[in-house]
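The values are calculated or read from the model by the stated rules, or taken from the named source; none is laboratory data. This structure is a prediction, so every number in the text was calculated from the model and none was measured. In this analysis, Cβ positions are derived from the backbone assuming ideal geometry, glycine residues included, and neighbour counts consider all displayed protein chains.
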Amino acid sequence: MTTILETKNLERTFGAVVAASDINITIKEGEILGVIGSNGAGKTTFVNMVTGYLTPSSGQILYRGQDITGKPTREITKLGICRSFQIPQLFLELSVIDNALIALTIAKQTRPVLLRPAIDEKLRAEAMEVLARFGIEQWAEQEITTLPQGVRKLVDIAMATVSKPDLLFLDEPTSGVSADEKMEIMRVLIDALKSTNTAVLFIEHDMEIVETFSPRVAAFYEGTILADGPTAEVLANDKVREYVIGGEFHRKATSEEAVS
Amino acid sequence: MIRNLDRTEITLLAGIPFLIACGLLLPQWVVNYIQVSLGTGLVALGVMIQMRAGLVSFGQGLYFCIGGYTAGLAGKFFGISDIFVLLLMGIATSVVISGVLGILIRRYREIFFAMLTMAVSMILFGMLSSSEELGSTDGFNLLPPTYLGWSPEGEVATFTLYIATVLPAIFCAIVLNRYLRSPMGYVNEAIRENELRVEYLGTSAHQAVHITYMIAAAVSSIGGVLWALSLGHVDPEMTNWTTSGQFVFVAILSGTGSIIAPLVGTFLLEILRVYAVDISPNTWQMILGTVMLLIIIFLPKGLWSLVERKRNPKQPKQPEPSAKVPGE
């Protein structure tokens, strides 16, 4: 598999605070990578740097060999790197289908189009297809403000995929979603994304989800990468257990080992 | 373009024979108000399309004034009176000025956008008010318009100018309606809702705001040329903040639901003002203020929301109770 993203010694500071330091990560085509770490570990800062929201203080970001360090968000999106958000970033007063239509309209616009009508039946059908891929087509006419959190998350992710990105960052895709829904939402997501061979990096706090859906994990701690490798190895790493996963998962894992 | 006409555009086209009939059948004072309202209505349209992007311009009078003064100065210094040339000059001047100012203004939102647009318009107000060459606060008169070398006189001139106001106004409204239906129009709506997401979808919010600002400027300038020719006079009040405030008033009164709304709203405001002055010559502003309050309280989306309610009486259908969040 070809490497599509490579970061070299990425660092970001806010005054005296080092939010991310020495971040070296590679992602290959179609790969699924889970990112774990406590709050403030630098996970979202890393995503913000790669997607152009934050400019790194130092280091380099290469996408398909091209240096994209410091490029504006919109240019990075056009290159094929998209993201969803921990708090869904939607057009709240519009319906689900309108959100999808706007996303599609922008994705298809290569230069400003001022007089040609944006929306036709073909685009509407395409938007419905996008919603159907994530199982939310029955909410199409609903205004975003009336939706449950789980559906908002899926709309947010669906919008990030309309431009058919090669690399998608999902920032805590199941946060705010009830425990019962988490697994199924992730299954819907991963199935939808696997069919397009999109590489996915998802930030997640639920280790069960990480173990189930991610063959590779990177563990962040205090702005650096503590471990990066096959999920089982990383989750068994003593430092990761101590600093990242915490006591509860540690106890659970140890008791399971004892039983086996 | 003809193939994709929507209901608003068909209504606007149907408005041409209607307005021509009004020009022939209604009393001259009403026709005058329609004519003046179409000019100022175009400026309100400029305010309205910016409102669709969540931007309230308290300085749209700037381009209204630029249009009027361009027409006036072209006649005063170059003897140009052809309405087509004056309209083109008005558009060109406003596009150049808004293109330059837009580089600064496109970065600002909310109250900062409102204040900055107002500040720029007041700079022009100050310059014109202190310019004796341009008549200072009294302004100056314009040459009567000509039409590709034709100089009508008397009632023919009055009616010709009325037609020459109706046609560009309707044309501009159709073009703006097209703009709002275009990808860039949808980007504006998205900017109002969530600018961060717009950038993450892959387009520049600053660029979209800049383009909208320039289009609004061009349309307002056309309004300024037509208004100035209708009255035969320009003065710095055109760019005073109180004038800009009236355009915002009209846009709020009318609502942003349709391009037709500000055009109709401007005429209604003119008529309201006439009756308010007639009823209470010294405190007519209180009547306008009361109407504004009532509209904000009872029709927060403007008068046009009444039309929308009539067209779409039903709320969007709720999903069936069986429709579950995936995973439930």
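Determine whether B:Leu134 is touching a Leu at 6+ places or on another chain (Cβ under 9 Å), exposed (fewer than 13 other Cβ atoms within 10 Å of the Cβ) and over 18 Å from B:Val43 (Cα atoms).
On the way: touching a Leu at 6+ places or on another chain (Cβ under 9 Å): yes; exposed (fewer than 13 other Cβ atoms within 10 Å of the Cβ): no; over 18 Å from B:Val43 (Cα atoms): yes.
Here the answer is no, as B:Leu134 does not meet what is asked.
For (1) polar (S, T, N, Q); (2) in contact with a strand residue (DSSP E or B) (Cβ under 9 Å, 6 or more places away or on another chain); (3) under 28 Å from B:Thr11 (Cα atoms), each residue gets a yes or a no:
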residue: B:Tyr179; (1), (2), (3): no, no, yes
residue: B:Pro183; (1), (2), (3): no, no, yes
residue: B:Leu196; (1), (2), (3): no, no, no
residue: B:Leu226; (1), (2), (3): no, no, yes
residue: B:Leu229; (1), (2), (3): no, no, yes
residue: B:Pro262; (1), (2), (3): no, no, yes
residue: B:Thr290; (1), (2), (3): yes, no, no
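Filtered by the rule that a residue be hydrophobic (A, V, I, L, M, F, W, C), at pLDDT 85 or above and surrounded by fewer than 18 Cβ atoms within 10 Å (Cβ to Cβ), the stretch A:165-209 gives a lone residue, A:Met183.
Among the residues of the stretch B:111-121, is any assigned to a loop (DSSP other than H, G, I, E, B), surrounded by fewer than 18 Cβ atoms within 10 Å (Cβ to Cβ) and free of Cβ contacts under 8 Å to residues at least 40 places away in the same chain? Step through it out loud before you land on a result.
Start the filter on the stretch B:111-121 by keeping residues that are assigned to a loop (DSSP other than H, G, I, E, B), which leaves none.
No, the stretch B:111-121 contains no residue that is assigned to a loop (DSSP other than H, G, I, E, B), surrounded by fewer than 18 Cβ atoms within 10 Å (Cβ to Cβ) and free of Cβ contacts under 8 Å to residues at least 40 places away in the same chain.
For the stretch A:32-39, indicate whether the set of residues that are free of Cβ contacts under 8 Å to residues at least 24 places away in the same chain, closer than 28 Å to A:Leu104 by Cβ and surrounded by fewer than 22 Cβ atoms within 10 Å (Cβ to Cβ) is non-empty.
Here is the first cut: in the stretch A:32-39, the ones free of Cβ contacts under 8 Å to residues at least 24 places away in the same chain are A:39.
So of that shortlist, the ones also closer than 28 Å to A:Leu104 by Cβ come out as none.
Within the stretch A:32-39, none of the residues are free of Cβ contacts under 8 Å to residues at least 24 places away in the same chain, closer than 28 Å to A:Leu104 by Cβ and surrounded by fewer than 22 Cβ atoms within 10 Å (Cβ to Cβ).
For the stretch A:82-103, a residue qualifies if it is more than 8 Å from chain B (Cβ to nearest Cβ), surrounded by fewer than 24 Cβ atoms within 10 Å (Cβ to Cβ) and over 15 Å from the mean Cα position of the chain (by Cα), and the qualifying residues are A:Ile97, A:Asp98.
May I ask you to list the residues in the stretch B:270-290 that are touching a residue at least 24 places away in the same chain (Cβ under 8 Å) and of a type in the set (A, V, I, L, M)? Break it down stepwise before answering.
Keep residues of the stretch B:270-290 that are touching a residue at least 24 places away in the same chain (Cβ under 8 Å), which gives B:270-271, B:274, B:288.
B:Ile271, B:Val274, B:Leu288, listed by residue number.
Counting just the residues of the stretch A:149-164 that are part of a loop (DSSP other than H, G, I, E, B) and either at the interface with chain B (Cβ under 10 Å from one of its Cβ atoms) or touching a Phe, Trp or Tyr at 6+ places or on another chain (Cβ under 7 Å) (or both), which one comes out surrounded by the fewest Cβ atoms within 10 Å (Cβ to Cβ)? Before the answer, list the steps.
Quick first cut of the stretch A:149-164, residues part of a loop (DSSP other than H, G, I, E, B) only: A:162-164.
From the residues that got through so far, the ones that are either at the interface with chain B (Cβ under 10 Å from one of its Cβ atoms) or touching a Phe, Trp or Tyr at 6+ places or on another chain (Cβ under 7 Å) (or both) too are A:162-163.
Values: A:Val162: 23, A:Ser163: 19.
So the residue we want is A:Ser163.
Evaluation of B:Ile83 against the conditions (1) within 19 Å of B:Cys172 (Cβ to Cβ); (2) at pLDDT 95 or above; (3) not small (Gly, Ala, Ser) shows that the sole unmet condition is (2).
Does B:Tyr162 qualify as being closer than 18 Å to B:Ile260 by Cα, touching a residue at least 12 places away in the same chain (Cβ under 8 Å), touching a Gly at 6+ places or on another chain (Cβ under 6 Å) and surrounded by 19 or more Cβ atoms within 10 Å (Cβ to Cβ)? Please lay out each step first, then the result.
Working: closer than 18 Å to B:Ile260 by Cα: no; touching a residue at least 12 places away in the same chain (Cβ under 8 Å): yes; touching a Gly at 6+ places or on another chain (Cβ under 6 Å): yes; surrounded by 19 or more Cβ atoms within 10 Å (Cβ to Cβ): yes.
In short, no.
Annotation: of all residues in the stretch A:2-31 being on the phi > 0 side of the Ramachandran plot and in contact (Cβ under 8 Å) with a residue 12 or more places away in the chain, the one that is surrounded by the most Cβ atoms within 10 Å (Cβ to Cβ) is A:Gly30.
A count restricted to the stretch A:31-74 and to residues that are in contact with a Gly (Cβ under 7 Å, 6 or more places away or on another chain) and either within 11 Å of chain B (Cβ to nearest Cβ) or within 22 Å of A:Thr196 (Cα to Cα) (or both) stands at 3.
Anything in the stretch B:1-48 that is touching a residue at least 40 places away in the same chain (Cβ under 8 Å), among the charged types (D, E, K, R) and either crowded, with 16+ Cβ neighbours inside 10 Å or in a helix (DSSP H, G or I) (or both)? List them, or say none. Result: B:Glu9, single match. Flag: B:Arg197 does not match the condition of being within 14 Å of chain A (Cβ to nearest Cβ), in contact (Cβ under 8 Å) with a residue 40 or more places away in the chain and not hydrophobic (A, V, I, L, M, F, W, C).
Within the stretch B:236-258, work out how many residues are under 11 Å from the mean Cα position of the chain (by Cα) and surrounded by fewer than 24 Cβ atoms within 10 Å (Cβ to Cβ).
If we filter the stretch B:236-258 for residues that are under 11 Å from the mean Cα position of the chain (by Cα), which is where we start, we get B:244, B:246-248, B:250-251.
Now restrict to residues that are surrounded by fewer than 24 Cβ atoms within 10 Å (Cβ to Cβ): B:246, B:248.
Count: 2.
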